[in-house]
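Visitor: Dropping the structure in here first, questions after.
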Amino acid sequence: MPVLSKKESKLILDPLADNNPITIQVLGICSALAITAELKASVVMAVSVLFVLGFGNVVISLMRNMIPSKIRIIVQLIVVATLVIVVDQTLKAFAYELSKTLSVFVGLIITNCIIMGRFEAFALGNGPWRSFLDGIGNALGYGVILVIVGFFRELLGSGTLFGAPVLGDPIAKTGLYAFGYENNGFMIIPPAALIVVGILIWVQRAKNPLLIEEA
Amino acid sequence: MLEHLELFFKSIFIDNMVFAVFLGMCSYLAVSKKVATAVGLGFAVIFVLAVTVPLNWLLDQYILQPGALTWLGAEYVDYDLSFLSFILFIATIATMVQLVEIVVEKFSPSLYNSLGIFLPLIAVNCAILGGSLFMQAREIPSLDLAFNYGLSSGIGWFLAILAIAAIREKIRYSAVPAPLRGLGITFIITGLMGIGFQSFGGMLTGDNEPPIAVEETVVKIEESQKEEKEPKKESQDDQKEVIAGIN
(Lines give C-alpha, C1' and ligand atoms only; values in the text may rest on other atoms or scores of the structure.)
Protein backbone atom coordinates (compact mmCIF):
# COMPACT_ATOMS: atom_id res chain seq x y z
CA MET A 1 0.00 0.00 0.00
CA PRO A 2 1.39 3.43 -0.85
CA VAL A 3 2.29 5.79 1.98
CA LEU A 4 -0.33 8.33 0.95
CA SER A 5 -3.78 7.52 -0.34
CA LYS A 6 -5.02 9.20 -3.51
CA LYS A 7 -6.98 11.80 -1.56
CA GLU A 8 -4.01 12.53 0.66
CA SER A 9 -1.55 13.05 -2.17
CA LYS A 10 -4.13 15.34 -3.79
CA LEU A 11 -3.92 17.49 -0.64
CA ILE A 12 -0.24 18.04 -1.33
CA LEU A 13 -0.27 18.28 -5.12
CA ASP A 14 -3.31 20.50 -5.69
CA PRO A 15 -1.88 23.67 -4.12
CA LEU A 16 1.29 23.33 -6.20
CA ALA A 17 -0.43 24.37 -9.40
CA ASP A 18 -4.17 24.51 -9.97
CA ASN A 19 -5.05 25.74 -6.50
CA ASN A 20 -1.86 27.66 -5.78
CA PRO A 21 -2.18 29.91 -2.72
CA ILE A 22 -0.49 32.90 -4.36
CA THR A 23 -1.60 32.88 -7.99
CA ILE A 24 -5.09 31.41 -7.55
CA GLN A 25 -6.26 31.89 -3.97
CA VAL A 26 -4.51 35.32 -3.71
CA LEU A 27 -3.22 34.69 -0.20
CA GLY A 28 0.10 35.48 1.41
CA ILE A 29 1.26 37.96 -1.16
CA CYS A 30 2.70 40.53 1.21
CA SER A 31 5.77 38.58 2.23
CA ALA A 32 6.09 36.84 -1.12
CA LEU A 33 6.99 40.08 -2.84
CA ALA A 34 9.21 41.91 -0.44
CA ILE A 35 11.95 39.34 0.10
CA THR A 36 12.34 37.79 -3.33
CA ALA A 37 15.19 39.98 -4.59
CA GLU A 38 17.58 37.19 -3.55
CA LEU A 39 17.08 33.47 -4.03
CA LYS A 40 18.57 32.62 -0.64
CA ALA A 41 16.10 34.78 1.27
CA SER A 42 13.23 33.28 -0.76
CA VAL A 43 14.25 29.73 0.13
CA VAL A 44 14.62 30.53 3.84
CA MET A 45 11.23 32.24 3.83
CA ALA A 46 9.63 29.25 2.11
CA VAL A 47 11.12 26.83 4.65
CA SER A 48 9.98 29.03 7.56
CA VAL A 49 6.43 29.11 6.24
CA LEU A 50 6.57 25.33 5.68
CA PHE A 51 7.46 24.82 9.33
CA VAL A 52 4.89 27.27 10.70
CA LEU A 53 2.03 26.15 8.47
CA GLY A 54 2.68 22.40 8.85
CA PHE A 55 2.85 22.44 12.64
CA GLY A 56 0.31 25.23 13.10
CA ASN A 57 -2.23 23.20 11.16
CA VAL A 58 -1.58 20.15 13.37
CA VAL A 59 -1.90 22.17 16.60
CA ILE A 60 -5.11 23.88 15.50
CA SER A 61 -6.52 20.60 14.26
CA LEU A 62 -5.83 18.93 17.62
CA MET A 63 -7.53 21.81 19.45
CA ARG A 64 -10.40 22.20 17.00
CA ASN A 65 -13.06 20.76 19.31
CA MET A 66 -11.97 22.85 22.28
CA ILE A 67 -11.73 26.33 20.74
CA PRO A 68 -14.86 28.44 21.28
CA SER A 69 -15.70 29.84 17.86
CA LYS A 70 -15.98 33.44 19.12
CA ILE A 71 -12.34 33.73 20.14
CA ARG A 72 -10.85 31.41 17.55
CA ILE A 73 -9.02 34.21 15.70
CA ILE A 74 -7.11 35.19 18.81
CA VAL A 75 -6.29 31.55 19.61
CA GLN A 76 -5.04 31.05 16.06
CA LEU A 77 -2.92 34.19 16.24
CA ILE A 78 -1.31 33.06 19.49
CA VAL A 79 -0.47 29.63 18.03
CA VAL A 80 1.10 31.19 14.92
CA ALA A 81 2.93 33.83 16.94
CA THR A 82 4.49 31.15 19.15
CA LEU A 83 5.70 29.14 16.16
CA VAL A 84 7.02 32.28 14.47
CA ILE A 85 8.99 33.24 17.59
CA VAL A 86 10.66 29.80 17.41
CA VAL A 87 11.57 30.41 13.74
CA ASP A 88 12.78 33.95 14.44
CA GLN A 89 14.98 32.96 17.38
CA THR A 90 16.44 30.04 15.40
CA LEU A 91 17.29 32.33 12.49
CA LYS A 92 18.85 34.90 14.81
CA ALA A 93 20.97 32.19 16.45
CA PHE A 94 22.18 30.34 13.36
CA ALA A 95 21.84 32.75 10.41
CA TYR A 96 22.13 36.25 11.81
CA GLU A 97 22.98 38.00 8.51
CA LEU A 98 19.98 36.42 6.81
CA SER A 99 17.66 37.37 9.64
CA LYS A 100 18.79 40.99 9.12
CA THR A 101 17.88 40.75 5.42
CA LEU A 102 14.45 39.35 6.20
CA SER A 103 14.02 41.93 9.02
CA VAL A 104 10.36 42.35 9.94
CA PHE A 105 9.13 39.90 7.33
CA VAL A 106 9.75 36.89 9.57
CA GLY A 107 7.39 38.47 12.08
CA LEU A 108 4.91 39.11 9.33
CA ILE A 109 4.49 35.36 8.78
CA ILE A 110 2.01 35.74 11.66
CA THR A 111 -0.33 37.76 9.51
CA ASN A 112 0.42 35.79 6.34
CA CYS A 113 -3.09 35.17 5.09
CA ILE A 114 -2.21 31.66 3.85
CA ILE A 115 -1.79 30.54 7.42
CA MET A 116 -5.01 31.99 8.80
CA GLY A 117 -6.77 30.91 5.62
CA ARG A 118 -5.71 27.26 5.96
CA PHE A 119 -6.55 27.23 9.69
CA GLU A 120 -10.05 28.51 8.97
CA ALA A 121 -10.71 26.53 5.85
CA PHE A 122 -9.08 23.21 6.67
CA ALA A 123 -7.56 22.61 10.11
CA LEU A 124 -10.75 23.55 11.97
CA GLY A 125 -12.65 20.75 10.22
CA ASN A 126 -10.14 17.94 9.66
CA GLY A 127 -7.93 15.54 11.57
CA PRO A 128 -4.28 16.26 12.38
CA TRP A 129 -2.66 14.06 9.73
CA ARG A 130 -4.73 15.41 6.85
CA SER A 131 -4.25 18.94 8.18
CA PHE A 132 -0.51 18.40 8.29
CA LEU A 133 -0.50 17.28 4.64
CA ASP A 134 -2.68 20.23 3.65
CA GLY A 135 -0.32 22.60 5.45
CA ILE A 136 2.73 21.10 3.75
CA GLY A 137 1.04 21.22 0.35
CA ASN A 138 0.03 24.85 0.63
CA ALA A 139 3.40 25.90 2.02
CA LEU A 140 5.07 24.14 -0.91
CA GLY A 141 2.79 25.89 -3.38
CA TYR A 142 3.76 29.19 -1.76
CA GLY A 143 7.43 28.21 -1.74
CA VAL A 144 7.43 27.27 -5.43
CA ILE A 145 6.27 30.75 -6.44
CA LEU A 146 8.74 32.38 -4.07
CA VAL A 147 11.63 30.39 -5.50
CA ILE A 148 10.61 31.04 -9.12
CA VAL A 149 10.31 34.78 -8.53
CA GLY A 150 13.54 34.83 -6.50
CA PHE A 151 15.36 32.89 -9.23
CA PHE A 152 14.42 35.28 -12.02
CA ARG A 153 14.91 38.44 -9.97
CA GLU A 154 18.37 37.46 -8.75
CA LEU A 155 19.49 36.02 -12.10
CA LEU A 156 18.34 38.96 -14.23
CA GLY A 157 18.95 41.64 -11.63
CA SER A 158 22.36 40.73 -10.21
CA GLY A 159 23.54 37.90 -12.49
CA THR A 160 24.01 35.64 -9.47
CA LEU A 161 22.25 32.64 -7.89
CA PHE A 162 22.53 32.13 -4.12
CA GLY A 163 25.09 34.96 -4.25
CA ALA A 164 27.41 33.07 -6.64
CA PRO A 165 28.03 34.66 -10.06
CA VAL A 166 26.65 32.49 -12.86
CA LEU A 167 26.72 34.85 -15.83
CA GLY A 168 30.33 35.92 -15.48
CA ASP A 169 31.86 38.95 -13.81
CA PRO A 170 30.23 42.31 -14.71
CA ILE A 171 33.34 44.34 -13.77
CA ALA A 172 36.01 42.20 -15.45
CA LYS A 173 33.61 41.67 -18.41
CA THR A 174 33.80 37.90 -18.56
CA GLY A 175 31.16 35.36 -19.55
CA LEU A 176 27.97 36.89 -20.96
CA TYR A 177 29.12 40.39 -20.05
CA ALA A 178 31.88 40.12 -22.66
CA PHE A 179 29.13 40.28 -25.31
CA GLY A 180 27.73 43.52 -23.93
CA TYR A 181 25.12 41.95 -21.63
CA GLU A 182 24.09 44.19 -18.73
CA ASN A 183 22.34 43.40 -15.46
CA ASN A 184 18.77 44.66 -15.38
CA GLY A 185 18.76 46.89 -12.31
CA PHE A 186 15.00 47.15 -12.68
CA MET A 187 14.58 43.61 -11.34
CA ILE A 188 16.10 44.56 -7.98
CA ILE A 189 13.60 47.28 -7.09
CA PRO A 190 10.50 46.15 -5.15
CA PRO A 191 7.81 46.82 -7.82
CA ALA A 192 9.50 44.38 -10.21
CA ALA A 193 8.33 41.52 -7.97
CA LEU A 194 4.71 42.49 -8.67
CA ILE A 195 5.30 42.49 -12.40
CA VAL A 196 7.08 39.11 -12.29
CA VAL A 197 4.19 37.57 -10.32
CA GLY A 198 1.74 39.19 -12.75
CA ILE A 199 3.53 37.54 -15.66
CA LEU A 200 3.56 34.19 -13.82
CA ILE A 201 -0.21 34.45 -13.39
CA TRP A 202 -0.53 35.29 -17.07
CA VAL A 203 1.50 32.23 -18.11
CA GLN A 204 -0.35 29.91 -15.75
CA ARG A 205 -3.80 31.04 -16.86
CA ALA A 206 -2.85 30.95 -20.52
CA LYS A 207 -1.83 27.29 -20.04
CA ASN A 208 -5.02 26.43 -18.14
CA PRO A 209 -7.98 28.42 -19.49
CA LEU A 210 -10.26 27.04 -16.74
CA LEU A 211 -8.60 29.44 -14.31
CA ILE A 212 -9.47 32.60 -16.28
CA GLU A 213 -11.64 35.03 -14.34
CA GLU A 214 -14.93 36.36 -15.64
CA ALA A 215 -14.60 40.01 -16.60
CA MET B 1 7.61 70.19 14.13
CA LEU B 2 9.85 69.73 11.11
CA GLU B 3 10.56 66.10 11.96
CA HIS B 4 6.82 65.48 12.29
CA LEU B 5 6.22 66.90 8.85
CA GLU B 6 9.09 64.93 7.39
CA LEU B 7 7.95 61.63 8.93
CA PHE B 8 4.40 62.35 7.77
CA PHE B 9 5.28 62.79 4.11
CA LYS B 10 7.93 60.07 4.22
CA SER B 11 5.46 57.47 5.50
CA ILE B 12 2.77 58.42 3.01
CA PHE B 13 4.83 58.64 -0.16
CA ILE B 14 8.36 57.26 0.16
CA ASP B 15 7.80 54.31 2.50
CA ASN B 16 4.27 53.72 1.27
CA MET B 17 2.87 50.58 2.91
CA VAL B 18 1.69 49.07 -0.36
CA PHE B 19 4.16 50.26 -2.99
CA ALA B 20 7.43 50.22 -1.06
CA VAL B 21 7.10 47.36 1.42
CA PHE B 22 4.06 45.39 0.12
CA LEU B 23 2.12 45.27 3.35
CA GLY B 24 -1.59 44.58 3.44
CA MET B 25 -1.51 43.27 -0.12
CA CYS B 26 -4.07 40.53 0.52
CA SER B 27 -6.90 42.85 1.45
CA TYR B 28 -5.57 45.43 -1.01
CA LEU B 29 -6.18 42.96 -3.85
CA ALA B 30 -9.33 41.37 -2.44
CA VAL B 31 -11.31 44.48 -1.47
CA SER B 32 -10.36 46.84 -4.31
CA LYS B 33 -13.07 45.93 -6.80
CA LYS B 34 -15.27 48.89 -5.84
CA VAL B 35 -14.28 52.37 -4.68
CA ALA B 36 -16.95 52.51 -1.95
CA THR B 37 -15.79 49.37 -0.11
CA ALA B 38 -12.16 50.33 -0.63
CA VAL B 39 -12.80 53.66 1.11
CA GLY B 40 -14.46 51.86 4.04
CA LEU B 41 -11.55 49.50 4.53
CA GLY B 42 -9.07 52.33 4.05
CA PHE B 43 -10.60 54.39 6.86
CA ALA B 44 -10.67 51.36 9.15
CA VAL B 45 -6.96 50.76 8.50
CA ILE B 46 -6.06 54.42 9.22
CA PHE B 47 -8.03 54.25 12.45
CA VAL B 48 -6.59 50.97 13.73
CA LEU B 49 -3.01 51.87 12.76
CA ALA B 50 -3.26 55.23 14.53
CA VAL B 51 -4.42 53.44 17.70
CA THR B 52 -2.19 50.35 17.73
CA VAL B 53 1.18 51.84 16.76
CA PRO B 54 1.37 54.23 19.77
CA LEU B 55 0.08 51.47 22.08
CA ASN B 56 2.72 49.05 20.89
CA TRP B 57 5.29 51.84 21.19
CA LEU B 58 4.45 52.09 24.89
CA LEU B 59 4.68 48.31 25.26
CA ASP B 60 8.01 48.27 23.47
CA GLN B 61 9.40 51.15 25.52
CA TYR B 62 8.30 50.04 28.97
CA ILE B 63 8.22 46.23 28.78
CA LEU B 64 10.01 44.73 25.80
CA GLN B 65 13.27 46.58 25.11
CA PRO B 66 16.45 45.44 26.84
CA GLY B 67 16.52 47.31 30.16
CA ALA B 68 12.97 48.60 29.71
CA LEU B 69 11.84 47.15 33.02
CA THR B 70 14.05 49.48 35.09
CA TRP B 71 10.96 51.35 36.24
CA LEU B 72 10.04 48.22 38.28
CA GLY B 73 13.28 48.34 40.24
CA ALA B 74 17.03 48.19 39.80
CA GLU B 75 17.16 44.37 39.78
CA TYR B 76 15.27 44.24 36.44
CA VAL B 77 17.94 46.14 34.47
CA ASP B 78 19.31 43.05 32.74
CA TYR B 79 15.97 41.75 31.49
CA ASP B 80 15.49 41.57 27.71
CA LEU B 81 12.01 40.52 26.67
CA SER B 82 12.25 41.61 23.02
CA PHE B 83 11.66 38.02 21.83
CA LEU B 84 8.10 38.39 23.11
CA SER B 85 7.32 41.34 20.85
CA PHE B 86 5.49 39.35 18.13
CA ILE B 87 3.07 37.73 20.52
CA LEU B 88 2.43 40.91 22.52
CA PHE B 89 1.99 43.06 19.42
CA ILE B 90 -0.46 40.71 17.78
CA ALA B 91 -2.39 40.27 21.03
CA THR B 92 -2.65 44.07 21.38
CA ILE B 93 -3.83 44.38 17.81
CA ALA B 94 -6.43 41.63 18.08
CA THR B 95 -7.80 43.02 21.34
CA MET B 96 -7.80 46.61 20.09
CA VAL B 97 -9.68 45.61 16.97
CA GLN B 98 -12.32 43.88 19.08
CA LEU B 99 -12.50 46.83 21.46
CA VAL B 100 -12.75 49.36 18.66
CA GLU B 101 -15.52 47.29 17.12
CA ILE B 102 -17.52 47.25 20.37
CA VAL B 103 -17.00 50.97 21.06
CA VAL B 104 -17.89 52.03 17.53
CA GLU B 105 -20.99 49.82 17.56
CA LYS B 106 -22.12 51.41 20.83
CA PHE B 107 -21.47 55.07 20.07
CA SER B 108 -21.74 55.42 16.32
CA PRO B 109 -23.98 52.83 14.68
CA SER B 110 -23.77 54.56 11.31
CA LEU B 111 -19.95 54.39 11.30
CA TYR B 112 -20.23 50.78 12.48
CA ASN B 113 -22.47 49.93 9.56
CA SER B 114 -19.94 51.28 7.09
CA LEU B 115 -16.80 49.94 8.80
CA GLY B 116 -18.29 46.99 10.65
CA ILE B 117 -17.60 44.12 8.30
CA PHE B 118 -14.02 45.24 7.72
CA LEU B 119 -12.92 45.54 11.31
CA PRO B 120 -12.46 41.80 12.08
CA LEU B 121 -10.57 41.44 8.78
CA ILE B 122 -8.10 44.03 9.93
CA ALA B 123 -6.67 41.97 12.79
CA VAL B 124 -4.93 39.81 10.21
CA ASN B 125 -3.97 42.61 7.84
CA CYS B 126 -0.19 42.61 7.62
CA ALA B 127 -0.13 46.41 7.31
CA ILE B 128 -1.21 46.71 10.94
CA LEU B 129 1.36 44.33 12.42
CA GLY B 130 3.90 45.64 9.90
CA GLY B 131 3.32 49.18 11.17
CA SER B 132 4.17 48.12 14.71
CA LEU B 133 7.18 46.03 13.66
CA PHE B 134 8.60 48.82 11.51
CA MET B 135 8.02 51.26 14.37
CA GLN B 136 10.16 48.95 16.52
CA ALA B 137 12.80 48.31 13.85
CA ARG B 138 13.23 52.01 13.03
CA GLU B 139 13.43 52.95 16.72
CA ILE B 140 10.96 55.80 16.56
CA PRO B 141 11.97 58.02 19.48
CA SER B 142 8.75 59.42 20.97
CA LEU B 143 5.07 58.66 21.49
CA ASP B 144 3.78 61.52 19.32
CA LEU B 145 6.09 60.49 16.48
CA ALA B 146 4.77 56.92 16.82
CA PHE B 147 1.20 58.23 16.53
CA ASN B 148 2.23 60.28 13.52
CA TYR B 149 3.85 57.20 11.95
CA GLY B 150 0.73 55.07 12.47
CA LEU B 151 -1.59 57.74 11.11
CA SER B 152 0.47 58.62 8.05
CA SER B 153 1.18 54.98 7.14
CA GLY B 154 -2.55 54.41 7.29
CA ILE B 155 -3.17 57.39 5.01
CA GLY B 156 -0.59 56.03 2.57
CA TRP B 157 -2.38 52.67 2.49
CA PHE B 158 -5.73 54.40 2.07
CA LEU B 159 -4.47 56.39 -0.93
CA ALA B 160 -3.06 53.22 -2.50
CA ILE B 161 -6.27 51.19 -2.23
CA LEU B 162 -8.34 54.16 -3.38
CA ALA B 163 -6.17 54.55 -6.47
CA ILE B 164 -6.23 50.89 -7.46
CA ALA B 165 -9.98 50.60 -6.85
CA ALA B 166 -10.62 53.56 -9.15
CA ILE B 167 -8.37 52.05 -11.82
CA ARG B 168 -10.05 48.64 -11.53
CA GLU B 169 -13.49 50.20 -11.94
CA LYS B 170 -12.34 51.82 -15.18
CA ILE B 171 -10.39 48.88 -16.52
CA ARG B 172 -13.50 46.75 -16.66
CA TYR B 173 -14.29 48.48 -19.96
CA SER B 174 -10.90 47.74 -21.51
CA ALA B 175 -9.91 44.77 -23.63
CA VAL B 176 -7.46 43.04 -21.32
CA PRO B 177 -6.07 39.70 -22.61
CA ALA B 178 -8.22 36.95 -21.08
CA PRO B 179 -5.54 35.20 -18.96
CA LEU B 180 -4.50 38.54 -17.45
CA ARG B 181 -8.03 39.58 -16.52
CA GLY B 182 -8.67 40.32 -12.87
CA LEU B 183 -5.70 39.39 -10.73
CA GLY B 184 -2.90 39.46 -13.31
CA ILE B 185 -3.51 42.96 -14.60
CA THR B 186 -3.98 44.26 -11.05
CA PHE B 187 -0.53 42.95 -10.13
CA ILE B 188 1.09 44.58 -13.12
CA ILE B 189 -0.69 47.91 -12.60
CA THR B 190 0.36 47.89 -8.95
CA GLY B 191 3.93 47.27 -10.08
CA LEU B 192 3.78 50.23 -12.44
CA MET B 193 2.30 52.43 -9.72
CA GLY B 194 5.10 51.27 -7.43
CA ILE B 195 7.66 52.42 -9.96
CA GLY B 196 5.90 55.78 -10.05
CA PHE B 197 6.04 56.02 -6.27
CA GLN B 198 9.77 55.29 -6.37
CA SER B 199 10.28 58.70 -7.87
CA PHE B 200 9.26 60.24 -4.53
CA GLY B 201 12.44 58.71 -3.12
CA GLY B 202 14.57 61.78 -3.79
CA MET B 203 12.04 64.18 -2.27
CA LEU B 204 13.41 64.21 1.29
CA THR B 205 17.07 63.66 2.00
CA GLY B 206 17.05 64.97 5.57
CA ASP B 207 20.04 67.20 4.87
CA ASN B 208 19.93 70.61 6.57
CA GLU B 209 23.08 72.11 5.08
CA PRO B 210 22.63 72.11 1.33
CA PRO B 211 25.68 74.27 0.29
CA ILE B 212 28.23 71.82 1.74
CA ALA B 213 26.29 68.88 0.44
CA VAL B 214 26.34 70.35 -3.08
CA GLU B 215 30.11 70.86 -2.95
CA GLU B 216 30.55 67.33 -1.69
CA THR B 217 28.43 65.85 -4.42
CA VAL B 218 30.31 67.85 -7.04
CA VAL B 219 33.57 66.46 -5.70
CA LYS B 220 32.06 62.99 -5.62
CA ILE B 221 30.82 63.31 -9.18
CA GLU B 222 34.26 64.44 -10.35
CA GLU B 223 35.86 61.52 -8.55
CA SER B 224 33.41 59.04 -9.98
CA GLN B 225 33.99 60.46 -13.47
CA LYS B 226 37.71 59.94 -13.01
CA GLU B 227 37.07 56.40 -11.85
CA GLU B 228 34.84 55.80 -14.79
CA LYS B 229 37.45 57.00 -17.25
CA GLU B 230 40.19 54.81 -15.87
CA PRO B 231 38.44 51.43 -16.14
CA LYS B 232 37.43 52.34 -19.68
CA LYS B 233 41.09 52.53 -20.65
CA GLU B 234 41.57 49.12 -19.09
CA SER B 235 38.67 47.67 -20.97
CA GLN B 236 40.03 49.15 -24.19
CA ASP B 237 43.34 47.52 -23.40
CA ASP B 238 41.48 44.29 -22.73
CA GLN B 239 39.77 44.55 -26.06
CA LYS B 240 43.09 45.14 -27.76
CA GLU B 241 44.46 42.08 -26.01
CA VAL B 242 41.43 40.06 -27.03
CA ILE B 243 41.76 41.21 -30.61
CA ALA B 244 45.48 40.45 -30.49
CA GLY B 245 44.65 37.02 -29.07
CA ILE B 246 42.19 36.35 -31.89
CA ASN B 247 44.71 37.43 -34.49
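The values are calculated or read from the model by the stated rules, or taken from the named source; none is laboratory data. What you are looking at is a predicted structure, and each value in this text was computed from that prediction instead of being measured. Note that each Cβ is placed from the backbone with ideal geometry, even for glycine, and that neighbours are counted across all protein chains shown. Accessible surface is based on the protein model in full, side chains and every heavy atom, while ligands, DNA and RNA are left aside. Shrake-Rupley method; radii C 1.70, N 1.55, O 1.52, S 1.80 Å.
Visitor: How much area per residue is accessible in chain A when the probe is 1.4 Å and only protein heavy atoms are counted (Å²)?
Guide: On the way: 9940 Å² over 215 residues.
Per residue, chain A has 46 Å² of solvent-accessible surface.
Visitor: Using the Karplus curve 6.51 cos²θ - 1.76 cosθ + 1.60 with θ = phi - 60°, work out ³J(HN,Hα) for each residue of the range A:82-90 in order, rounded to whole Hz, and write x for Gly and Pro.
Guide: 4, 4, 5, 4, 4, 4, 4, 5, 4
Visitor: Are there any trypsin sites (Lys or Arg not before Pro) in the range A:26-88 that are in a DSSP loop and have at most 11 other Cβ atoms within 10 Å? List them by number. Don't jump to the answer; show the numbers that get you there.
Guide: Working: sites: A:Lys40, A:Arg64, A:Lys70, A:Arg72; in loops: A:Arg64.
When the trypsin sites (Lys or Arg not before Pro) of the range A:26-88 are filtered for loop state and at most 11 Cβ neighbours within 10 Å, nothing remains.
Visitor: Can you send over the carbon and sulfur percentage of the accessible area for the range B:2-204, probe radius 1.4 Å, protein chains only? Could you put the intermediate results ahead of the total?
Guide: Values: 6090 of 8880 Å².
Answer for the range B:2-204: carbon and sulfur cover 69 percent of the accessible area.
Visitor: What total accessible surface area, summed over both chains, is buried at the interface between chains A and B, computed with a 1.4 Å probe and given in Å² to the nearest 100? Kindly include the intermediate steps, with their values, before the conclusion.
Guide: Details: alone 11720 and 15080 Å², together 23160 Å².
Adding both sides of the contact gives about 3600 Å².
Visitor: Taking H placed 1.01 Å from N in the peptide plane, check which residues at least 5 places from A:Leu161 or on another chain put their amide H under 5 Å from its amide H.
Guide: Placed amide hydrogens put A:Val166 under 5 Å from A:Leu161.
Visitor: Right, next: How large is ³J(HN,Hα) for each residue in the range B:98-105, as worked out from phi by the Karplus curve 6.51 cos²θ - 1.76 cosθ + 1.60 (θ = phi - 60°), to whole Hz, x for Gly and Pro?
Guide: Per-residue couplings from phi come out as 4, 4, 4, 4, 5, 5, 5, 4 Hz.
Visitor: I've got another one for you. Using θ = phi - 60° and the Karplus form 6.51 cos²θ - 1.76 cosθ + 1.60, what ³J(HN,Hα) does each residue of the range A:184-193 get, whole Hz, x for Gly and Pro?
Guide: Once θ is set to phi - 60°, the couplings for the range A:184-193 become 8, x, 4, 6, 7, 5, x, x, 4, 4 Hz.
Visitor: Moving on to the next point. Kindly provide the Kirkwood hydrodynamic radius of the protein assembly as shown in Å, to one decimal, from all pairs of distinct alpha carbon atoms.
Guide: Working: mean 1/r = 0.0413 Å⁻¹.
Its Kirkwood hydrodynamic radius stands at 24.2 Å.
Visitor: Another question about this same structure. Can you pull the percent of chain A's accessible area that's carbon plus sulfur, 1.4 Å probe, other chains left in place? Let's see the in-between values first.
Guide: Numbers: 6900 of 9940 Å².
Here carbon and sulfur together make up 69 percent of the probe-accessible area.
Visitor: Using only atoms on other chains, find how many Cβ atoms lie within 10 Å of each Cβ of peptide B:187-200 and report the average.
Guide: Shielding by partners across B:187-200 averages 5.
Visitor: Give the relative contact order (percent, whole number) for chain A; include only Cα pairs under 8 Å separated by 6+ residues. All intermediate terms of the calculation are to be shown ahead of the outcome.
Guide: On the way: 252 pairs, mean separation 71.1, N = 215.
It rounds to 33 percent for chain A.
Visitor: Also: Let me know the mean shielding of B:29-39 by other chains, meaning the per-residue number of their Cβ atoms within 10 Å of its Cβ. Don't skip to the answer; put the middle values down first.
Guide: Values: counts 3, 4, 0, 0, 0, 0, 0, 0, 0, 0, 0.
Averaged over the peptide's residues, the number is 1.
Visitor: Something else: Compute the normalised compactness of the range B:1-105: alpha-carbon radius of gyration over 2.2 N^0.38 Å, N being the residue count.
Guide: Working: Rg = 17.3 Å, N = 105, 2.2 N^0.38 = 12.9 Å.
Taking the Cα Rg and dividing by 2.2 N^0.38 Å, one obtains 1.34.
Visitor: Let me confirm one metric for peptide A:196-208, namely the mean number of other chain beta-carbon atoms within 10 Å of its residues' beta-carbons. Spell out each step's value before the answer.
Guide: Details: counts 3, 6, 11, 5, 2, 9, 10, 2, 2, 8, 5, 1, 1.
So the per-residue partner count for this stretch is 5.
Visitor: For a Förster distance of 45 Å, can you work out the FRET efficiency between the beta-carbons of A:Val203 and B:Glu139, rounded to the nearest 0.05? Intermediate results must be reported in sequence, preceding the final value.
Guide: Working: r = 42 Å, r/R0 = 0.94.
Computed FRET efficiency for A:Val203 and B:Glu139 comes out at 0.60.
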